[in-house]
1. Identify the residue in region 368-386 that is in contact (Cβ under 8 Å) with a residue 60 or more places away in the chain and charged (D, E, K, R) and, among all such residues, is least open to solvent (accessible area, probe 1.4 Å).
2. Can you find a residue that is touching a Phe, Trp or Tyr at 6+ places or on another chain (Cβ under 6 Å) and over 15 Å from ILE62 (Cβ atoms) anywhere in region 175-188?
3. What number of residues within region 168-186 satisfy the criterion of being out of contact with any Pro (no Cβ under 9 Å at 6 or more places or on another chain), open to solvent by 20 Å² or more (accessible area, probe 1.4 Å) and at pLDDT 90 or above?
4. Within region 143-167, restricting attention to residues that are at pLDDT 90 or above and small (Gly, Ala, Ser), which residue is nearest to VAL32 (Cα to Cα)?
5. Looking only at region 343-360, count how many residues are of a type outside the set (Phe, Trp, Tyr) and within 16 Å of VAL240 (Cβ to Cβ).
6. Can you tell me how many residues in region 269-285 are within 20 Å of PRO217 (Cβ to Cβ) and touching a helix residue (DSSP H, G or I) at 6+ places or on another chain (Cβ under 8 Å)?
7. Does any residue in region 338-367 that is more than 17 Å from ASP234 (Cα to Cα) come within less than 8 Å, Cβ to Cβ, of a residue that is at pLDDT below 95 and of a type in the set (D, E, K, R) six or more places away or on a different chain, and which pairs are these?
Amino acid sequence: MRVVVCAAALGAAISAVSGEERSPPSLPKSFVAVAYYVTNSSTFNLCAFSPNGDCDEYPIEIVQDDVRQRSATVANSIDKYAPAAYVGTGMEWFNITLIKNNGSYFDVISNLCYPSTADGSYSDMFAWVARSTYAGRVEIDGVECEAWTSGMANTYRYLAVTTNGSIPVQYNETIRGETFTSYSFISFDAGVADHEAFAIVENGTACYDPPTCGDDPSVVEQDVYVFHPSDSFDVAGQDVGDQRGDTFFVCEDELIGTSASAFDHDYALVTKWRLRRLGTIGQYQNCNGYPSSCAGENDFYVGKEAALGLGYPSAGQCTANNLTGNWYSLPERGQCSDFADVGDNCSWAVSHVKTINGTCLLYDLGFLDKCADDGQAPFRTAERTFDAAFTYDDPAQGGCSPLSYPDQVHLASSPRLALA
């Protein structure tokens with residue numbers, strides 16, 4: 001891996017040549033680049049979406065198409081907890097691509113397209129260089145470079161380019177002296193053909209009218225589970241999992257240290273629900289937070305993907321995903337209310353089965369140790385512990401005591417949605 005050089009560490013080189021004048025480099029406005037990426041940003045960290053929580057081993061691809069005013073950032077990483085049968089195949093890879101296209105912004109996760117409300121305005125990554133100041137020569141990994149800097153509006157930028165001024169070697173950006181982002185370039189090729197990253201957004205259907213798996217009006221019943229804060233029982237607008245899928249979620253979340261701290265925060269309880277849904281399956285909605293915020297245009301049908309999106313095609317929307325289990329999204333607009341039956345202008349309903357304390361599962365029953373022992377999906381030993389926690393109430397049988405279920409939880413008033 002290329003060593004990341006912080007601009008501050010280059011102060012001696014910069015000060016030694018202060019006052020030297022020369023014209024800023026002229027970089028291609030359209031390019032495809034590969035770079036290692038590091039940031040301490042808490043508001044936007046592309047690497048945090050990686051199943052392993054970082055990008056240390058995997059460079060990202062940056063595509064800038066100035067002609068069509070669009071750009072893409074592509075991050076691929078291997079999920080080290082993927083099933084053994086996936087190792088060495090495309091099935092073990094997790095992908096997230098961020099696309100700005102003609103003023104619109106898209107998150108593409110495991111080949112599922114999610115239109116975003118974020119600013120999709122195109123911007124040239126190196127537009128600032130034309131107003132930069134020469135800061136001397138510096139050597140990075142044996143490559144002699146010219147350094148260029150710019151400090152404007154609380155943002156300090158540093159760029160090291162090859163001595164001919166045409167190829168960036170390292171780009172650092174610091175905002176308000178706190179947020180630091182660095183790109184260490186491995187390759188940089190001028191010009192952009194019809195890059196594959198843009199194909200999914202050029203097909204508007206995949207993003208704005210995602211396909212369903214068939215048209216199945218039958219009603220399917222199944223158990224689903226969700227790990228959640230103690231004051232949030234409402235599953236409308238939330239993502240849940242089947243037994244294997246939620247085992248995968250909890251194991252991986254805990255093994256990489258993100259549970260209760262990284263995204264949704266304060267997971268405390270685990271609840272089992274009986275789900276009744278239409279057989280038609282929609283694209284998985286990516287929902288986070290309490291109250292939730294969901295990405296994805298399928299706002300009616302129950303959505304589905306393989307756990308962690310480790311399914312193909314379409315992240316496992318229409319496949320069984322036996323080795324990973326499944327995650328399901330429960331869109332608010334699809335929830336049945338009052339005395340409506342599933343299929344009567346609604347797509348799903350739930351009834352409560354059992355709620356347990358997360359500490360009983362994770363620690364009292366040794367679930368986390370079993371996650372670590374299993375090492376990767378399908379986490380069979382941990383899944384058996386997960387199953388027993390809900391099957392039995394007696395800890396001597398491997399069960400967890402049921403917790404009271406709050407009456408004020410928002411659910412439809414149909415008798416079949418009442419507390420089981």
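1. Filtering region 368-386 for residues that are in contact (Cβ under 8 Å) with a residue 60 or more places away in the chain and charged (D, E, K, R), the one least open to solvent (accessible area, probe 1.4 Å) comes out as GLU383.
2. Checked against the condition, which is being touching a Phe, Trp or Tyr at 6+ places or on another chain (Cβ under 6 Å) and over 15 Å from ILE62 (Cβ atoms), region 175-188 yields no hits at all.
3. Looking only at that region, the number is 2.
4. Looking at residues that are at pLDDT 90 or above and small (Gly, Ala, Ser), I get ALA160.
5. Looking only at that region, the number is 10.
6. 2
7. Sorted first by the residue in region 338-367, then by its partner, the pairs are LEU362/GLU254.
For every residue, the table says whether it meets (1) at pLDDT 90 or above; (2) open to solvent by less than 40 Å² (accessible area, probe 1.4 Å); (3) not in a strand (DSSP E or B).
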| position | (1), (2), (3) |
| --- | --- |
| ALA35 | yes, yes, no |
| SER42 | no, no, yes |
| ALA48 | no, yes, yes |
| GLU57 | no, no, yes |
| GLU61 | yes, no, no |
| TYR81 | yes, yes, yes |
| ALA85 | yes, no, yes |
| GLY88 | yes, no, yes |
| LEU98 | yes, yes, no |
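The values are calculated or read from the model by the stated rules, or taken from the named source; none is laboratory data. Note that the structure is a prediction, hence the values are computed from the model and not measured. Neighbour counts are summed over all protein chains in view; Cβ atoms, including those assigned to glycine, are modelled from backbone coordinates with ideal geometry. Heads up: the accessible areas ignore ligands, DNA and RNA and are worked out on the full protein's heavy atoms, side chains in. Shrake-Rupley method; radii C 1.70, N 1.55, O 1.52, S 1.80 Å.
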